[in-house]
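Trainee: Handing you this structure, nothing more for now.
The values are calculated or read from the model by the stated rules, or taken from the named source; none is laboratory data. The structure presented is a predicted model; accordingly, all values stated were derived computationally and were not measured. Heads up, the Cβs are rebuilt from the backbone with ideal geometry, glycines too, and the neighbour counts pull from every protein chain shown.
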Amino acid sequence: MFAQKNQNVLLEIHLLHNFFYNQQGSKAFQLQPSPETAEWIRKSGILIQNVQNRVIFCADEHKKEAFIHLLEDDRDSLISFYLQEVDPYWLNLTELPFHFNKQPALLYFSNQENSSNDQLHVSEFVTELDILSAQSSPRILTGLKRLSSLSFPSRDLALSLKPTLKMQKMAGWVDIHLKAATKEKWLKALKSINPFEKLTYYLQFQTRSVYWRYWFYLNPGENPDHIQSLKIVTEDQSVYFEGPDEILMPDSRRAWVYTSNKPLPIYERSPFRFELFLEKKLRKQETLNFGSRKKTQIIFALPVAQPEAVHPVRIGNEIKLCADIALGIGVDE
């Protein structure tokens, strides 16, 4: 028998996304073993568990003979997972090229690329360098060629799988190469009743930053002159809102739009708090108490940007990603 259950852990893959509170990447994705990997797990005396943001491989105490047979095999093994979409707005909230879904592309991760690193991607976070497409970087294409006998026979076949994977809401896949030397270490630990040397890998996704745009609509009968006196106040002096830009809507309503001066990150629990004030020019008899202008707080905390509101917008000669927040307000005297 094995020593203790907490000593039976062989491998962990952490799925993290800093959009979510506590980096709960499992809210955006889940890792599903490929059919070949699921069959390999079934025959190898290994249990797989999804625990919060981790996929955990453990030795099965009740299938010791099958596990020993796996460890005694002196060949490398390949474990493959599909990265399955959970949140339909995952791309809106993830810092990746926004046209990602419109190209023959998938995310691809492998521990072969970072043999001395516990991350499964090149940079600190997942980036466009981890996208497999017809124009993939030499790094990914070389990796695919090297593991072709274990995974996909060719780049063309890998790309041909994209439509099928997309229909199954797959954003990509992960390959973990289990080296024969690692299995040999586990076999020695098993015979000496010592804890296994656990392998740990990380997938870290970064939240997207976009321009925040507040759209203000006047209530029926309101005086539009006051809209020019609205002011969004921020705690961070480096953040301010430009505008307003007046826009005529298709239904003939008018909207006034204030746009952040720079892209701001979106979070499940946003740290931003923006207040809305109205600065009124006062009548002469009121200036003794308030000076020439009086600032009135209209909204203590404006709503924050949400992933479903992210979309590309042409601003001048550029296409920028924006998140629109619409509010109807009353500012009349």
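Trainee: Would you be able to say whether some residue in the stretch 21-37 is in a helix (DSSP H, G or I), among the hydroxyl-bearing types (Ser, Thr, Tyr) and closer than 21 Å to Leu120 by Cα?
Mentor: yes
Trainee: Additional query: Restricting to the stretch 39-72, name every residue that is over 31 Å from the mean Cα position of the chain (by Cα) and at positive phi.
Mentor: Scanning the stretch 39-72 gives a single hit, Gly45.
Trainee: Can you name the residue in the stretch 47-76 that is touching a helix residue (DSSP H, G or I) at 6+ places or on another chain (Cβ under 8 Å) and assigned to a helix (DSSP H, G or I) and is also modelled with the lowest pLDDT among such residues?
Mentor: Glu61
Trainee: Only one of Ala323, Ala305 is at pLDDT 90 or above, crowded, with 16+ Cβ neighbours inside 10 Å and either basic (Lys, Arg) or in a strand (DSSP E or B) (or both); which? I'd like the intermediate steps shown before the answer.
Mentor: Details: Ala305 fails: either basic (Lys, Arg) or in a strand (DSSP E or B) (or both).
Selected residue: Ala323, the only one of Ala323, Ala305 that is at pLDDT 90 or above, crowded, with 16+ Cβ neighbours inside 10 Å and either basic (Lys, Arg) or in a strand (DSSP E or B) (or both).
Trainee: Please count how many residues of the stretch 15-46 are out of contact with any Gly (no Cβ under 8 Å at 6 or more places or on another chain) and either modelled with pLDDT of 95 or more or closer than 30 Å to Tyr89 by Cβ (or both).
Mentor: Taking the stretch 15-46 first, the residues out of contact with any Gly (no Cβ under 8 Å at 6 or more places or on another chain) are 18-46.
Of the ones still in play, those that are also either modelled with pLDDT of 95 or more or closer than 30 Å to Tyr89 by Cβ (or both) are 18-35, 37-38.
Summing the residues that are out of contact with any Gly (no Cβ under 8 Å at 6 or more places or on another chain) and either modelled with pLDDT of 95 or more or closer than 30 Å to Tyr89 by Cβ (or both) in the stretch 15-46 gives 20.
Trainee: It is to be established whether one or more residues within the stretch 181-192 are under 24 Å from Glu36 (Cβ atoms), in a strand (DSSP E or B) and either under 18 Å from the mean Cα position of the chain (by Cα) or among the small types (Gly, Ala, Ser) (or both).
Mentor: No, the stretch 181-192 contains no residue that is under 24 Å from Glu36 (Cβ atoms), in a strand (DSSP E or B) and either under 18 Å from the mean Cα position of the chain (by Cα) or among the small types (Gly, Ala, Ser) (or both).
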